[in-house]
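One structure below.
The values are calculated or read from the model by the stated rules, or taken from the named source; none is laboratory data. Keep in mind the model is a prediction, meaning the values are calculated, not measured. Cβ atoms come from the backbone with ideal geometry, glycine included; neighbour counts cover every protein chain shown. To get the accessible areas, we keep the full protein, side chains included, count just its heavy atoms, and leave off ligands, DNA and RNA. Shrake-Rupley method; radii C 1.70, N 1.55, O 1.52, S 1.80 Å.
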Amino acid sequence: MTTQQRPDQTTSRAPLSRVVGDRAAQLREDPELMPRLLADPATRVLVVNNASVPLADADAPVLHLATVAETGLDAAAFTGYLGRDASGTHVLLAAVRDQAEFPSPGGWGEMRLVGGELSPEHADLGVTGVALARWHRVGGFCPACGAAAELRQAGWSRECTGCGRQHFPRTDPAVIVAITDDQDRILLGNNALWPKSTYSLFAGFVEAGESLEAAVVRETYEEAGVTVVDIEYAASQAWPYPQSLMVGFFARAASAEAAQADGTEILTVRWFSREDLDDAIAGRGDIRIPASASVARALIDQWHSGGSRL
Ligand SMILES: [Zn+2]
């Protein structure tokens, strides 16, 4: 099943942005595509439940991809075409409201937690399936006129039955920034919503009318009190919780002494040397850092391994 496997085409180091399969977007216009694939016993299916995916093995995360017949689901559950996997097999998306509707041998895992342990192919499929299914959950009505909006393009758009407008899955950009200083330490913060021992990078949504770079400058000043310079793009990945695109940057603090938590969203900020984070990187000690599926962790790991740039 791996004879047609394609290499990652992105060179991205973000854990969920490897391109291995083929979205085959040109096939979405065919209105017979979904019925044809639903009747084909070779078609594979990714079933998702909210932000979770079914796993084939509880110990080593592997997506549980079933065939249409094996899912036992009603045709209405199949809401999207995800393209061809690395072996060239078509993959459909199905969404269930309750995990009990699709018994999974390895249980279910949230993509934000297990995504970093999946193969690049499965990470790509999983994050795409979750993103599309979450849009379907909230996109049933036209935001302009309120009428029902029906699925089109094999689940990749909707058309309003009232005003005829076309709608597409929304993606909200957010920036996340690894700030370093002249001693090549990294600045991390503890968010008020997290346990006190958890530290991560600074992040926030891009506001209306704002560029990515301007959002980096604003968010780092608001949350950590620092003015950043030498802003450099690092990597991006979808983060559909609910519908973000995380865009990662490296930047340098003009003055390390200026770092100060905002006191509301961020309670503590702290400069860490590489040695300070050795234990956290190894998964032990008192400090916790983000899971391997996140851009935050990819940037922290990259800095810790000696290169402050991806
Ligand atoms: Zn409308």
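Below is a table of values for the structure above.
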{"quantity": "Of all DSSP beta bridges in the range 124-274, antiparallel share, percent nearest 5", "calculated": "75 percent"}
{"quantity": "Amide H contacts under 5 Å for residue 141, placed H, 5+ residues apart", "calculated": "149"}
{"quantity": "FRET efficiency estimate (nearest 0.05) - Cβ-Cβ, residue 292 to residue 230, R0 25 angstrom", "calculated": "0.40"}
{"quantity": "DSSP bridge orientation in the chain - percent antiparallel, rounded to nearest 5", "calculated": "75 percent"}
{"quantity": "Two-site label geometry, residue 222 and residue 267: point separation in nm, points 7 Å out along Cα→Cβ", "calculated": "2.1 nm"}
{"quantity": "Label-point separation in nm, residue 166 to residue 87, each point 7 Å along Cα→Cβ", "calculated": "3.4 nm"}
{"quantity": "Per-peptide average of other Cβ atoms within 10 Å, ordering 285-292, 28-35, 155-162 highest first", "calculated": "155-162, 285-292, 28-35"}
{"quantity": "Label zone at residue 182, where the point sits 7 Å out along the Cα-to-Cβ direction: the range 205-225 residues whose backbone N lies under 20 Å", "calculated": "225"}
{"quantity": "Packing-based order for 237-244, 224-231, using average beta carbon neighbours within 10 Å, highest first", "calculated": "237-244, 224-231"}
{"quantity": "Modelled label reach - residue 255, point 7 Å along Cα→Cβ, the range 205-236 residues with backbone N closer than 16 Å", "calculated": "221-222, 224-229"}
{"quantity": "Amide H contacts under 5 Å for residue 236, placed H, 5+ residues apart", "calculated": "14, 248"}
{"quantity": "Net charge of neighbours whose Cβ lies under 12 Å from the Cβ of residue 68, counting Lys and Arg as +1 and Asp and Glu as -1", "calculated": "-1"}
{"quantity": "Distance in nm between pseudo-label sites at residue 98 and residue 138 (7 Å out along the Cβ direction from Cα)", "calculated": "2.5 nm"}
{"quantity": "The chain, accessible surface, carbon-and-sulfur percent (1.4 angstrom probe)", "calculated": "49 percent"}
{"quantity": "Contour excess over end-to-end distance, with Cα ends at residue 113 and residue 19 and 0.36 nm allotted per residue", "calculated": "31.9 nm"}
